[in-house]
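Report on the following structure.
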Amino acid sequence: MSNKAVCRPKDKRKDEILRGYEYQMELAHSLENELEELIARATKTTSVITDMPRGGDGLDVGDWVAKWAPLQEQIEAEVVESVKVRAEITSYLNQVTMPKLRTVLQLTYIERITQEEIMDRMHYNSTQWVRELLNRALEQINI
């Protein structure tokens, strides 16, 4: 999950469900980093035709491509899943009728910013007020 310091609302179950999108996005990002590393290694590999045994890791470009193809498929599957999770979260957010409460939810769960950043963006005086609004909004959501 994110390294940002975030105060958790009272309703931990709803908070965990709504944070599913964050988990999906971080997983996809991690897989993308792994894929980039494999591609970088593959581009550094040169094919040499020889009857001598291979040294180093013993992988040629074709081996690297074979490694990254399943990873690309996994990334695509994670992105598709995160789109579904985001749509589900959006349906929960739409249950909240008050615009400022919905905005606090969206900033927290979709844009993934801290309560301090929400306080600054919405021009509130304290993170405690942001936390109060977040709890009010969560009370209106039926999961």
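The values are calculated or read from the model by the stated rules, or taken from the named source; none is laboratory data. Not measured: the values here are computed from a predicted model. Note that each Cβ is placed from the backbone with ideal geometry, even for glycine, and that neighbours are counted across all protein chains shown.
Before we move on, is residue 21 surrounded by 15 or more Cβ atoms within 10 Å (Cβ to Cβ), modelled with pLDDT under 75, in a helix (DSSP H, G or I) and hydroxyl-bearing (Ser, Thr, Tyr)?
On the way: surrounded by 15 or more Cβ atoms within 10 Å (Cβ to Cβ): yes; modelled with pLDDT under 75: yes; in a helix (DSSP H, G or I): yes; hydroxyl-bearing (Ser, Thr, Tyr): yes.
Yes.
Identify the residue in the range 104-139 that is under 28 Å from residue 84 (Cα atoms) and of a type in the set (Asp, Glu) and, among all such residues, is surrounded by the most Cβ atoms within 10 Å (Cβ to Cβ).
Here the answer is 117.
Any residue in the range 120-128 that is out of contact with any Phe, Trp or Tyr (no Cβ under 9 Å at 6 or more places or on another chain) and under 17 Å from residue 12 (Cβ atoms)?
Among the residues of the range 120-128, not one is out of contact with any Phe, Trp or Tyr (no Cβ under 9 Å at 6 or more places or on another chain) and under 17 Å from residue 12 (Cβ atoms), which makes the answer no.
Of all residues in the range 105-133, count the ones that are free of Cβ contacts under 8 Å to residues at least 60 places away in the same chain, assigned to a helix (DSSP H, G or I) and more than 22 Å from residue 24 (Cα to Cα).
So the count comes out to 12.
Mind checking which residues of the range 72-103 are farther than 15 Å from residue 24 by Cα and buried (at least 16 other Cβ atoms within 10 Å of the Cβ)?
Once the filter is applied, which keeps residues that are farther than 15 Å from residue 24 by Cα and buried (at least 16 other Cβ atoms within 10 Å of the Cβ), the range 72-103 yields 92, 93, 96, 101, 102, 103.
Which one of the conditions (1) assigned to a helix (DSSP H, G or I); (2) among the hydrophobic types (A, V, I, L, M, F, W, C); (3) not assigned by TED's automatic domain parsing to the domain that holds residue 30 does residue 83 fail to meet, given that it meets all the rest?
(3)
Which residue out of 86, 136, 102 is touching a residue at least 60 places away in the same chain (Cβ under 8 Å) and either among the basic types (Lys, Arg) or over 17 Å from residue 13 (Cα atoms) (or both)?
Numbers: 136 fails: touching a residue at least 60 places away in the same chain (Cβ under 8 Å); 102 fails: touching a residue at least 60 places away in the same chain (Cβ under 8 Å).
Result: 86 is the single residue among 86, 136, 102 that is touching a residue at least 60 places away in the same chain (Cβ under 8 Å) and either among the basic types (Lys, Arg) or over 17 Å from residue 13 (Cα atoms) (or both).
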